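The block underneath contains the structure these notes are about, expressed in structure tokens.
The values are calculated or read from the model by the stated rules, or taken from the named source; none is laboratory data. Quick caveat, the model's predicted, so the values are computed rather than measured. Cβ coordinates were reconstructed from backbone atoms using ideal geometry, including for glycine residues, and neighbour counts include every protein chain displayed.
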Amino acid sequence: MNLQSMTGFARAAGEYAGTAIAWEVKSVNGKSVEVRLRLPQGFERLEPTVRQTIQKRFSRGNFQATLTIGRAAGTQAQPVVNEAFLKDVAGLAKRLQEQFGVAPATADGLLSLRGVLDIPETVETEDERSALDVAIMAALEEALNGLEKARQGEGEALRSLLSGHIDAIEALTLQAEADPSREPAAIRERIAEQVRLLMDASANLDASRLHMEAAFLATKADIREEIDRLKTHVASGRTLLNGGGAIGRKLDFLAQEFNRESNTLCSKSNAAAVTAIGLELKAVVDQFREQVQNLE
């Protein structure tokens, strides 16, 4: 399945019976599906249907959809002149000119009078309104198709980026696993040296107790479990990326697990080389988690 980013934009236009229809839809990151609509006055009736259509189509994201309605080119309503009223008004204007010497009436002045010139509004029947609604929703589906394609394009780029982060996490994990400081002999030698230094500093120290504490510290410093869990999380991440779909929340949880193991690895490290690997691992995990926030 394809991956989807939560970021995208699309536009679609249509026409029905002289009415121009245009949708603009965009989405950004969000924890769930949040929809904000901008509909022209008189089209509020479409809000529930539009909202449900978007919510069924996508799993996550903050969406904004804007509908614009206008007259298609060449279909402007023709003005209607009330000729009887115009004739009466023109006659009155002529009498005023003759009797009182006022300036003669002009054509544009007469036409500007209320009631002389009218642009009739189109009266829709119920069937016409329903047919227009169908055309509007068809244009919305086209816009959502474009939005989905845009989100998928971003999602595939994120798949490649996240896959690279997982590869880096695996490489650092294997590097920590192979570091010479993790060899049991190296750990024993390092702790034995510390015990000798303590014994030389004070003859009153209990040698057997020191050896017990040293054994405990050696066990505590072992990062085998962290390495094994990191390897398991790497495999899980690759499975999720290859499977696709709405995996943003799952990968976010996985990023938290990566972060927990890298923190533990740093805290348990008893060598500068492993600590350096752990710090680099934390940096890669932070980058991974930041990009995961963009996924549906």
Of the listed residues (Arg45, Arg11), the one being surrounded by fewer than 15 Cβ atoms within 10 Å (Cβ to Cβ), out of contact with any Gly (no Cβ under 6 Å at 6 or more places or on another chain) and among the basic types (Lys, Arg) is Arg45
Selection from the range 131-183 of residues of a type in the set (Ser, Thr, Tyr) and within 30 Å of Gly61 (Cβ to Cβ) yields Ser160, Ser163
Contact list, first residue from the range 244-272 and under 17 Å from Ala168 (Cα atoms), second anywhere and in a loop (DSSP other than H, G, I, E, B), beta-carbon distance below 8 Å, six or more apart or interchain, is Leu265/Ile223
Flagged in the range 14-42 as among the charged types (D, E, K, R) and crowded, with 17+ Cβ neighbours inside 10 Å, in numbering order, are Glu24, Lys26
Exercise. Is it true that some residue in the range 184-194 is assigned to a helix (DSSP H, G or I) and at pLDDT 70 or above?
Worked result: no
With respect to Ser160, is the statement that it is without any contact (Cβ under 8 Å) to a residue 60 or more places away in the chain and under 24 Å from Glu296 (Cβ atoms) true? yes
Of (1) under 20 Å from Ala135 (Cβ atoms); (2) touching a residue at least 40 places away in the same chain (Cβ under 8 Å); (3) surrounded by 14 or more Cβ atoms within 10 Å (Cβ to Cβ); (4) among the hydrophobic types (A, V, I, L, M, F, W, C), Leu3 fails just (1)
| said: Please verify whether Thr19 is in contact with a helix residue (DSSP H, G or I) (Cβ under 8 Å, 6 or more places away or on another chain), of a type in the set (S, T, N, Q) and closer than 30 Å to Glu124 by Cα, treating the condition exactly as stated. | reply: yes
